[in-house]
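Here is the structure we will look at, set down as structure tokens.
The values are calculated or read from the model by the stated rules, or taken from the named source; none is laboratory data. Predicted, not measured: the structure shown is a model, and the values here were computed from it. With ideal geometry, Cβ positions are generated from the backbone for all residues, glycine too; neighbour counts draw on all protein chains shown. The accessibility values were calculated without ligands, DNA or RNA, using every heavy atom of the protein model including side chains. Shrake-Rupley method; radii C 1.70, N 1.55, O 1.52, S 1.80 Å.
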Amino acid sequence: MKRVGNLFDKVVDPDNLRLAFWKASRRKRLRDDQRQFQLHLNHELARLRDGLLSATYPIGDYRRFTIYDPKEREICAASFGERVLQHAIMNVCEPFFDRWLIYDSYACRKGKGQVAAVKRAREFAGRHEWFMKCDFRKYFDSISHDRLKAMLRRRFKDPCLVDWFNRIVDSYEKTLGRGLPIGSLTSQHFANFYLDPLDRLLTQRYRGLKIGYVRYMDDFVFWADDKEELLALRREVEGFVECELGLALKREPFINCTRRGMDSLGMRIFPKAVRLGRTSRVRYRRKIKAYRRAFEQGEWSETLLGGERTRAYATMRRTKMYDISIFFAKDGKMWTYVYSRDVDGKFDRRVLGNIGKNHLPRVASFVDCSSEKRFQKKSRVVCKLIRELDWKLLDDKSIGKLLEDYNWFAEELQHIGLFED
């Protein structure tokens with residue numbers, strides 16, 4: 001394959017460095033290092049450019065911390081200046097990394113991502129009877145520096161750019177000559193690119209055969225109609241990654257029937273439907289409780305909660321497959337409206353809950369709906385239940401509040417086009 005060159009001049013272009021700064025500033029505007037960098041922006045960008053040209057800009061000063069959800073991982077957060085440097089490089093190089101990857105690789109790619117990977121997995125689940133999940137043991141910590149740098153040299157021929165690739169790779173190691181820092185922009189692309197030989201092997205060897213394959217970073221899944229065929233494929237993959245990439249698969253493969261569902265990427269994927277996975281549901285409930293607690297304790301304003309509502313609704317419209325909560329806040333109370341769709345956009349489940357404060361009744365309804373029209377009909381039934389509560393248990397003030405809340409809630413649902421009274 002022809003190598004690409006003449007890229008380093010584009011990396012150090014002042015316009016590219018300024019664009020890299022704004023990309024690195026996303027969701028970092030309140031951090032002190034970002035504010036200091038922006039306060040002296042022209043000076044810092046000139047210093048970064050000089051450091052890139054002379055190969056003297058300091059890198060590798062990571063702030064390390066550990067997260068435990070969904071599992072224990074050490075995160076290495078680069079300094080803000082290094083983040084700008086990495087964005088400057090990837091602004092230019094990312095299209096070439098993307099061009100070399102196969103179609104069914106979905107991590108760190110524009111137009112791909114988790115949603116596209118889940119949809120593709122659901123397509124394969126509908127075609128095949130068996131699936132096999134595979135994963136690497138400590139993938140980021142096991143990546144060989146020498147092998148990765150050799151792969152990069154075979155793709156890029158610009159000496160200055162290759163030298164910066166080598167410096168970035170060598171700035172971190174978990175064991176001698178191995179490891180990439182989790183949490184770094186370049187690490188994501190390097191780690192995704194490192195498995196390209198495996199992708200090529202599988203697509204060339206099994207082209208034309210009835211084998212499904214989807215990879216999202218180091219998690220990959222195969223589909224076939226024969227269980228023994230998957231076991232033979234597992235043995236071949238295991239031998240290849242050990243010899244060619246210096247990696248090890250986790251010992252026991254997970255093989256099962258597609259009709260029983262597969263947990264992957266936070267979802268449970270069936271041949272004809274996609275549901276939120278168990279761990280994702282637990283994590284999601286925790287977030288909802290945290291949001292509710294922050295709002296009721298006065299830490300969040302109605303404006304902030306409204307922003308969460310807007311983002312949730314936007315995600316819902318984009319994915320059409322997640323269990324999404326839309327949060328309504330009024331007069332110190334919090335409402336949650338949760339629903340999900342399958343990948344075809346059909347309605348599947350609705351939950352209406354948290355009606356009023358603690359002293360007011362709580363109504364929840366789980367409704368199977370095959371169409372939006374049927375959902376609207378079911379919604380009217382649920383709201384009728386609210387109207388037919390045992391009013392004797394409530395005082396006049398509570399009754400007035402409940403009716404006020406119900407009217408306002410109906411208006412909100414009607415506003416987003418999901419309820420008609």
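Give segment 102-139 a look and list any residue that's open to solvent by less than 20 Å² (accessible area, probe 1.4 Å) and farther than 24 Å from CYS257 by Cβ, or say none.
Across segment 102-139, the qualifying residues are ILE102, SER105, ALA107, GLY113, PHE136, TYR139.
Kindly indicate which of ARG260, ARG251, ARG278, ARG235 is out of contact with any Asp or Glu (no Cβ under 8 Å at 6 or more places or on another chain), open to solvent by 20 Å² or more (accessible area, probe 1.4 Å) and more than 30 Å from GLY179 (Cβ to Cβ). Talk me through it step by step, then tell me what you get.
Working: ARG251 fails: more than 30 Å from GLY179 (Cβ to Cβ); ARG278 fails: out of contact with any Asp or Glu (no Cβ under 8 Å at 6 or more places or on another chain); ARG235 fails: more than 30 Å from GLY179 (Cβ to Cβ).
When all the criteria are applied, what remains is ARG260.
For the list (1) open to solvent by 20 Å² or more (accessible area, probe 1.4 Å); (2) more than 27 Å from ARG235 (Cα to Cα); (3) touching a strand residue (DSSP E or B) at 6+ places or on another chain (Cβ under 8 Å); (4) small (Gly, Ala, Ser), I need the number of the one condition that SER184 fails.
Failing condition for SER184: (1).
Just a yes or no: is a residue in segment 282-304 open to solvent by 40 Å² or more (accessible area, probe 1.4 Å), in contact (Cβ under 8 Å) with a residue 40 or more places away in the chain and out of contact with any strand residue (DSSP E or B) (no Cβ under 9 Å at 6 or more places or on another chain)?
yes
Tell me yes or no: at least one residue of segment 74-87 is out of contact with any helix residue (DSSP H, G or I) (no Cβ under 7 Å at 6 or more places or on another chain), surrounded by fewer than 21 Cβ atoms within 10 Å (Cβ to Cβ) and either of a type in the set (Lys, Arg) or without any contact (Cβ under 8 Å) to a residue 60 or more places away in the chain (or both).
No, the conditions are met nowhere in segment 74-87.
Which ranges mark the helices (runs of 4 or more DSSP H) fully within segment 183-247 that have 1 or more residues being within 20 Å of the chain's Cα centre (by Cα)?
Numbers: elements: 185-194, 196-205, 227-240.
Once the helices (runs of 4 or more DSSP H) in segment 183-247 are filtered for at least 1 residues that are within 20 Å of the chain's Cα centre (by Cα), what remains is 185-194.
How many residues are open to solvent by 50 Å² or more (accessible area, probe 1.4 Å) and of a type in the set (A, V, I, L, M, F, W, C) when one looks only at segment 140-165?
Of the residues in that region, 1 qualify.
Return the total of residues in segment 49-65 being open to solvent by 60 Å² or more (accessible area, probe 1.4 Å) and in contact with a strand residue (DSSP E or B) (Cβ under 8 Å, 6 or more places away or on another chain).
Keep residues of segment 49-65 that are open to solvent by 60 Å² or more (accessible area, probe 1.4 Å), which gives 49-50, 53-54, 56, 58, 61, 63-65.
With in contact with a strand residue (DSSP E or B) (Cβ under 8 Å, 6 or more places away or on another chain) added as a condition, the list becomes 63-65.
Count: 3.
List the number of the failed condition for PHE222; all other conditions in (1) open to solvent by less than 10 Å² (accessible area, probe 1.4 Å); (2) more than 27 Å from ALA191 (Cβ to Cβ); (3) in contact with a helix residue (DSSP H, G or I) (Cβ under 8 Å, 6 or more places away or on another chain) hold.
Just one mismatch for PHE222, condition (2).
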